[in-house]
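Shown next, in structure tokens, is the structure this report addresses.
Here, each number is a calculation from the coordinates, and none is a lab measurement. For clarity, every value in this text was computed on a predicted model and none was experimentally measured. Ideal geometry is used to build each Cβ from the backbone, glycine not excepted, and the neighbour counts take in all protein chains shown.
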């Protein structure tokens, strides 16, 4: 119960436009005439730049215009009367367009009447069809309006030239030179442009008369916009804007005086230009063509434009992001004793942050005690608020007892933070919604925030000095929302993939393995200790071993924390993927079986309880028993496991890295063997007998072979080491259970570090032809190119160490680059999708009501509520039902299933119906069982549906952006065929959302028809016809014979045979107009019949396409799933689809724009989904397909593929403010003003900027009251 | 590519077009430099003017066609080609309401391609019901261009709404709609 300010006014829309000079004068409080600010006493000079009527900066002074003090006075504009009209720099482009498109005499549009009528009709038609008129239509009209003579008054038109920054020139006819159009002339011409004509250009005359773009009056912003600061030395320092205004006024006054005195035109002109310069830099100090105005110190002034734009500008820094009170920040440290949804808050912070509590009869005593304790003694209070609004600061109260006595219901006490209060905890970068979660406060000693280790993954936190932020929600509403929506337990399931993102990590997993492995047997004393630590209060199970003393197995203890009716099975992380799984009989105990809450076989490790593991025990518990139960489970086992590993002790020591001499010998032998292989390769390379890989040079092929060989060497060495170590080795234990590290790490530590690489190649840089001076030039030996034979345990020699540092440096650089790139991608995604939400009719729409998806994710299921992407896990459901109704009734007929399913067909998705049918037929359930299954499916499906208002756009953007940081940069991976390079990873993902015109590696996968896909020969035949061949590709030589002025081409027989081109086809292709083709011997002569540029002709001839599809630079025939497939470098789908021998229905390309053009926008959408999913899957990242579908849908919304970014979706947003806040701030606002746009304030950014609640999620809900009904009630 | 191959591809395109748009084929005539297909469409007798050259199609062809239109008083004509249109030809065709089928129009059933879902034009009643259901103006729907290959294939007009029957990985089968807009 807390005071909550009621918003009195809501901004419904914002209109943009220009001020007229009259309006500026009317709104002005002062005509500023003096270029000075303060006099000697420090009092503002009247009609100076700091005039009291502009508002006051002194806290106690009253404003001379409105009479308010500094806090309440909004500030008032003044104005400067300019002596001559001045062109406003920001509108120069628009002025120029208008001057060109209108008559210089009468101001009418330079298009004939009938054309204008036609255009009007077209605009009307388009408006009716599209609801709005796209910009490009107006742009075209502006471009088209250009004639020699005005169709209305007949005046001849001259060319208008714009000279940066602010000069307009008019070219006289017949080359009489150009003369300047003075600002007043420009203004006069603009005055003549009529309202109707302006509308044809898309400009609004009501909001912005064009002549207002030439300034007569300059507004002077209030002092709050440009406060002066007093330095410690007492010297006043003025704002950059004030400095600029001083310049303007000074020149303006001088100009005025000179004009009055009738000074020569030259002086007047010079002064006018100077004034123009100052006004220009006042608006934009970065305009091209003028030197920026500088401060005395040489620093460029930060004027109006610079104040708005960029990351540090007003829009992004102050309007879209706001500073808050009631927050704290400090270093974090781990505390396994906490609950996962708790946060440890240092006492110092808890006694500075407050929560307002309204005094009631029930809490008055408690609050009085808080007040008595005051600010310094915890738990106390900092402020008391009286009902009359007066705030008492307890710090300054001498007798707090008196205040405490005076408190009565209705007062508000701002008390210290206490245990159990709700707080919002956050770590930057906030890449997904789990980066901000609500925790319960636990006040603790010392100076750091404490958090449970299981919540490290969602925050991506570690304890190497990370800091985090804490916020205390102040209103009852905010606290309720935090409690209901943001609690840690409700965030365990990530909306990214519909699985738990919170779970056990590191030592918890090690401990779980140690506890649940077969050999663990514990005496009663230990069992009791463990169970008490996990606050277990049930009875002990029967011990597994009774004699000589009762011993309990770890599995038994773990089972006590599982729900009693829980059944489940999976393969643990330690599973060796044996060729034949022995299931329950697994020799590694990797087959986990839980029946009725008892862990029968298998060990618990990462797969079962780890973070980011779908379909784990934790996931199943949350899905079947709810988040609360899941949290309890996680908390309890963490306590248990923590104590268990403390009791056992666990360490990884140096001597565990040592291999037996036998193993060492074996490793040395393998390394030697592979080195020998390399030696052989070297010999073959030098001899030239090395097999060249297609599309690679001999040297490249050699490098690839060597790299493969050495990678194998390292792997084998690692495997040997791995084989030697058993699970008794702590390191291996950690990697096998998934607690930490990989077997690669073990291999590098114990066997051999392996090849160091820079840019995906062996180390080639350094000295000329060698990496270091210790080697011979061109030494291709592994050692000389950065292969590290040593292991980390044995230690690297100096050369190896140096190479290792080179590789290591690249890793660091990569990380730095990657975070930047993925950060920008995320920003663009968020900006493009933030305003999407689920409407009450289940559609996904943007802020202006345009439909993006008719049903979210095509099935309406929320990934966060789904079961790893599926609406209902039917197989599991059927299994559960089977157990429930076991042995009751005989199996129902299939017809019954069909009938039952037919009834619910309309309520479920076709996929679910299909799956139900399959599973039900398989399970042979009784009628009752079938009824129950269908009923439960329906129930689960409805529960999994998205709720109206859900911010699906933001969730999708986060779900794609967040894993971006984990992606590798620069993976030129071998796709299927090892010879082919494909851009993958982050660069490819960026390329996809960028909707690049040409992908960096365009590739086609061409499938063949029945005749050609069987054999390689047939496939090669087709491939030969696809490969692009030009004259240059088959010519041995091509040159101009200077004597006879003929072009001579000597075809290479071998090449022609290679590409299967006959002489006849070549000749046919070389038949050109105005040329004659002759043969002499093996030479082809082309003789010109007409005078022509022979050099150009030669270039043209060399580019003539003889065979194949242009752009296809390489073809590869590969076997894939039992058939031959052609893959190409370069993409050109249309001709390929018409080629004989291919199967056009399967042939695809990775070039999105090309697909959109040849197969349509829907195909492009499907390709976008396919490509994006492909990239993410290749990187092993789990992202729900619904997020990707949403991105693809919005990218293809307009019928063409649009970019996620300023040239696409973000640039076409309906809100001016949202566009301005994203990128290109100033031009957006200017365009909006000229067009007289209104911002309907229906999106997210806009409302954040004006400080209102956003229309998404809980902010969407409004209270509507039927006032008419109320009236009737009263009347009736 | 040989001449016969070229002709067969272009003729294939015509056949695909006739099939996808559900026209009734009537007769095939050999014309100068071209082949004519007479079909019956909803708008009456229509001539599909088929130019199988690999080169450019200029105003000459359009003029030839215009003459036929005048002689036979055809309501609707279409041109299918193997090469490219010249700018002038495009302009003239547009002025005379001749539908030009672009060169990239595929010579196989577009909707058989694994990336392309089926598109259907919505009938007026369905359209009204849809707009009522979503309480939206047609321009608030996702859009598709008039020049989109799928739209050319089914012959939808600007202002139509097409139903897209998508094969969804999440739902099995699902429907989306797109509003046909001019380029």
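Brief remarks follow.
- For the residues of A:1130-1141, the average number of beta carbons from a partner chain within 10 Å of their own beta carbon is 3.
- Tensor-based shape of chain B (alpha-carbon gyration tensor, a/c under 1.5 rounded, otherwise prolate or oblate): prolate
- Here the ratio of the Cα radius of gyration of the range A:540-636 to 2.2 N^0.38 Å is 1.13.
- Neighbour-count ranking [beta-carbon atoms within 10 angstrom, fewest first] of A:1264, A:446: A:1264, A:446
- The range A:441-476-the range A:1085-1152 distance, computed between alpha-carbon centres (Å): 60
- Nitroxide proxy distance, nm - points 7 Å out along Cα→Cβ at residue B:139 and residue A:759: 5.2
- As a proxy for reagent exposure, A:433, A:1165, A:15 were ordered by neighbouring Cβ count within 10 angstrom, fewest first; the result is A:15, A:433, A:1165.
- Size descriptors for the range A:410-507: radius of gyration and Dmax over Cα atoms are 14.5, 51 Å.
- Three-way shape label, the range A:1031-1169, alpha-carbon gyration tensor, a/c 1.5: prolate
- The modelled label-to-label distance for the pair residue A:1212/residue A:1014, using points 7 Å beyond Cα in the direction of Cβ, is 4.9 nm.
- Going from the fewest other Cβ atoms within 10 Å to the most, the residues A:1143, A:325, A:335 appear in the order A:325, A:335, A:1143.
- With a 10 Å cut-off around each Cβ of A:1166-1173, the average count of Cβ atoms from other chains is 2.
- Inter-part distance where the range A:761-820 and the range A:363-436 are each reduced to a Cα centre, Å: 60
- Counting Cβ atoms of other protein chains within 10 Å of each residue's Cβ and taking the mean over peptide B:143-151 gives 6.
- Estimated inter-spin distance, residue A:58 and residue A:1093, nm [label 7 Å along Cα→Cβ]: 7.7
- Whole-angstrom gap from the range A:868-930 to the range A:206-252, using each part's C-alpha centre: 75
- Extent along principal axes [Cα atoms of the protein assembly as shown; Å; largest to smallest]: 116, 100, 89
- Taking every DSSP helix (H) stretch of at least 4 residues in chain A, weighting each as -39,500 (n - 2.57) and dividing the sum by the residue count yields a mean residue ellipticity at 222 nm of -12000 deg cm²/dmol.
- Three-way shape label, the range B:111-181, alpha-carbon gyration tensor, a/c 1.5: oblate
- Mean Cβ neighbour count within 10 Å, used as a protection proxy, ranking B:168-179, B:31-42, A:178-189, A:1065-1076 highest first: B:168-179, A:178-189, B:31-42, A:1065-1076
- Relative protection proxy for A:112-120, A:823-831, from highest mean packing down: A:823-831, A:112-120 (other beta-carbon atoms within 10 angstrom).
- Distance histogram in 10 Å bins (all Cα pairs of the range B:3-101, percent per bin): 16, 53, 30, 1
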